[in-house]
Structure formats: structure tokens, C-alpha cells
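The values are calculated or read from the model by the stated rules, or taken from the named source; none is laboratory data. Just so it is clear, the model here is predicted, and its values are computed rather than measured. As a convention, Cβ positions derive from the backbone with ideal geometry for all residues, glycine included, and neighbour counts pool all protein chains shown.
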Amino acid sequence: MNDLQLLGPRAYGEALGSAVLKATAEDFQVDEVLDIPLTGDGEHLWLWVEKRGLNTEEAARRIAKAAGVPLRTVSYAGLKDRQALTRQWFSVQLPGKADPDMSGAENDTLKILKTARHKRKLQRGAHSANGFTLRLTQLVGDTAAIDARLQLIARHGIPNYFGSQRFGHNGGNVVDAREWAARKALPEQRNVRSRLLSTARSYLFNQVLAARVADGSWQRAQVGDLLAFTDSRSFFPAGEAECSDPRLAILDLHPTGPQWGEGDSPAKGLTYELEQSVAAGEADLRDWLVKAGMSQERRILRLPIGGLTWHYPGPDILQLEFVLPAGCFATVLVRELVDLVPVGQTDSPCVF
């Protein structure tokens, strides 16, 4: 499956050139933003960890081994890329135990930057945002045009697509999800089941968003929409008055799309009709999500880019710095600018 099938149309026109991302881990840096004051005492040891070329699950296993505890006692807020330089929190439950020697977890791919005690474990999804520093190298394109598009993005945001990495190489996760859905069965392995159900929901969401990008309605509220604030998981219906709410114009309030599951969509009017049409086109996936007991949730269609700044450290390098809410994809911003060329290639662009 190609990028257009997995995501949808770009909001601001065709790519303005090409570049390489992640030539080195330092080209893709992520800092977890966690607004939780730590108490300084309690049975949970929290670790602020820097990792390079290491995914979150591998890091958790190493932390558990060094601490001498079962893996299930190690928690983290979210998954971070392997091919990146990332800093994120972990917690280890140590009831009645002193802080262990964690040096066994450390090497050139993992460093523990600081530790603190807290009364509670770190919950999944507890982080409020992620800060990104991306460096695009081997950049080919008109920098004046790129600057103009970045200014548009800073003012108006971008479509909040799930990035193509959610769907596996060439959309392989979507293919697998469709096969399981057609069989009306669920994988026995919990991690596989979770991954494929998440893939199916994300794919249906992207199809709804793609239709609204195509008709230009992704940035505005229409009667029947369900609206949500950037950092809230709750939503409310839009009537005539809400469609002109000034908070829409300042990118604080947004229309939402479905995260499919049990129950009827609370959307109305044209929004409801579109969402039902998309789901009917993927009836096996829709019914599979319902049977699996997934709940109906919503996700904002428009993604504001917090604190977006950029500069050119070299003639063919663009560095971007910005903050995104948890669960949003930095590569979706890059996609609005350029096509990405695989590392080591310069003549066959692809899109992530």
C-alpha cells in the first residue's frame, strides 16, 4: 500500500522537494513532556532515560534485568522510535526495597540521566506531549517555498493523520488486520492483537480525515461535528453557534474523527454520513473492532504545531523544532514539506 492510500492528500499541495531523515539517531530527537510533580518518596523508582538506537520495549527489558525485577513491574508512558535519540521516563516498582544499582542497564545506547521516587507507577499515556528536534539532510528544494509553507503550517496546523509507521512496512499491518477481520478472529498474542486493532482504528480514522482534507472541511466545524480541545479527550456536539466559536480560529478547538468501536457514532448530519460511508467501505474492519470490544473514541482532525521554529544549519540541511500532543506523528509534518529519501539513496524518494 502506498502513502496516499494509508494517509490521504496533503493539505497544502505537493511536496516541495526531497530530503533524508534519520541518517543518524541525532537527526530525530524526542523529549517526553511529563507534567507530573514527583513526590520524592514511595515504592516506585522513576528513571529519566536517554536512549539511542533502542526501542522502548528493549529499554524496559534492560531496566528490569538491571533492577532484578520482573518486566511487568517496569512501566513507561509511551513508545518511542528505535532509530532516534530519545529521552523518556520509566518507573520500576520496588516495594520495601532500596534503589538498585542500575549501571548494568547502561551502555552507549542507554543512559540514566536522573532518578526520583514517587508514590505511583507511571501510567501509559501519562505524558502530555513530545518535543521534537528533526534534522533533514541532503535537502533538495526551494527554501523560500519551504519557509512559506512552514509559515502556513504554524498558522493553520496540519491534518492529524496517523503516520505511516503505524501501518508497518508497505502497510503490512493493514493487510494482516484485514485478514484477521475477514476470518472474524483475533490473534492470541496480546501484543499482536493490540497492534492490529490499533492499526485498523487508525486506518479508518485516516480515511475519514482524507475525505475531509479533500473537500476542505478538516479545518472548520460543521453542524453535526463533535468538537474537542487540543489536549482533551472529551468532546461535545457542534451546533450553529459552535461552528463560529473563535477558539476554532486560534487552533484551540477542533473538529474530530472517529476511533471506531462499539456503539453508534454520536456525530450527526453530514459528518455522520461520511463516517458511516467510510466504515461501510471497510465493513470487515468495522465489525472486527466492534466484536473486539473497542470503545468509540474521538481524535482531533487538525493538529496545531506548538512552538514551531526552523533554521538551516547548512545549505542542504533543515532543522525543525516543535512540540506535539502525545499520540501525534512528527513525520506527518515532514510529509507536508518534502518527500523522504531512504538513507543511503538519493534518487528514489518515498514518503513516510
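A compact table of results
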item: Evaluation of L204 against (1) at pLDDT 95 or above; (2) over 19 Å from G171 (Cα atoms) (one fails), failing number; result: (2)
item: Long-range neighbours under 9 Å by Cβ, at least six apart or interchain, first residue over 17 Å from F28 (Cβ atoms) within region 51-65, second acidic (D, E) and surrounded by fewer than 16 Cβ atoms within 10 Å (Cβ to Cβ); result: R62/E106
item: Criterion (in contact with a Pro (Cβ under 9 Å, 6 or more places away or on another chain), surrounded by fewer than 22 Cβ atoms within 10 Å (Cβ to Cβ) and without any contact (Cβ under 8 Å) to a residue 60 or more places away in the chain) met by exactly one of Q222, Q189, Q259, Q276; result: Q222
item: Among the residues listed as A126, A177, the single one being assigned to a loop (DSSP other than H, G, I, E, B), over 19 Å from K51 (Cα atoms) and either under 17 Å from the mean Cα position of the chain (by Cα) or in the same structural domain as W218 (by TED's automatic domain parsing) (or both); result: A126
item: Options P304, P313, P325: the member that is touching a residue at least 60 places away in the same chain (Cβ under 8 Å) and over 21 Å from N160 (Cα atoms); result: P313
item: Index of the failed condition, L134 passing every other in (1) farther than 24 Å from L333 by Cβ; (2) in contact with a helix residue (DSSP H, G or I) (Cβ under 9 Å, 6 or more places away or on another chain); result: (1)
item: Test: F132 is within 30 Å of G216 (Cα to Cα), in a loop (DSSP other than H, G, I, E, B) and modelled with pLDDT of 95 or more; result: no
item: Subset of region 192-219 [exposed (fewer than 14 other Cβ atoms within 10 Å of the Cβ) and either without any contact (Cβ under 8 Å) to a residue 12 or more places away in the chain or touching an Asp or Glu at 6+ places or on another chain (Cβ under 6 Å) (or both)]; result: S194, D215, G216
item: Breaking point among (1) in contact with a strand residue (DSSP E or B) (Cβ under 9 Å, 6 or more places away or on another chain); (2) over 24 Å from E179 (Cα atoms); (3) surrounded by 15 or more Cβ atoms within 10 Å (Cβ to Cβ), for M294; result: (2)
item: Residue list for region 27-42, filter: over 23 Å from the mean Cα position of the chain (by Cα) and crowded, with 16+ Cβ neighbours inside 10 Å; result: L38, G42
item: Which listed residue is farther than 23 Å from Q83 by Cβ, touching a residue at least 24 places away in the same chain (Cβ under 8 Å) and either touching a strand residue (DSSP E or B) at 6+ places or on another chain (Cβ under 6 Å) or surrounded by 15 or more Cβ atoms within 10 Å (Cβ to Cβ) (or both), from A145, A129, A154; result: A154
item: Residue within region 252-261 that is at pLDDT 95 or above and farther than 18 Å from Y272 by Cβ present; result: yes
item: Test set (1) acidic (D, E); (2) touching a Leu at 6+ places or on another chain (Cβ under 8 Å); (3) modelled with pLDDT under 95 - E43 fails condition number; result: (3)
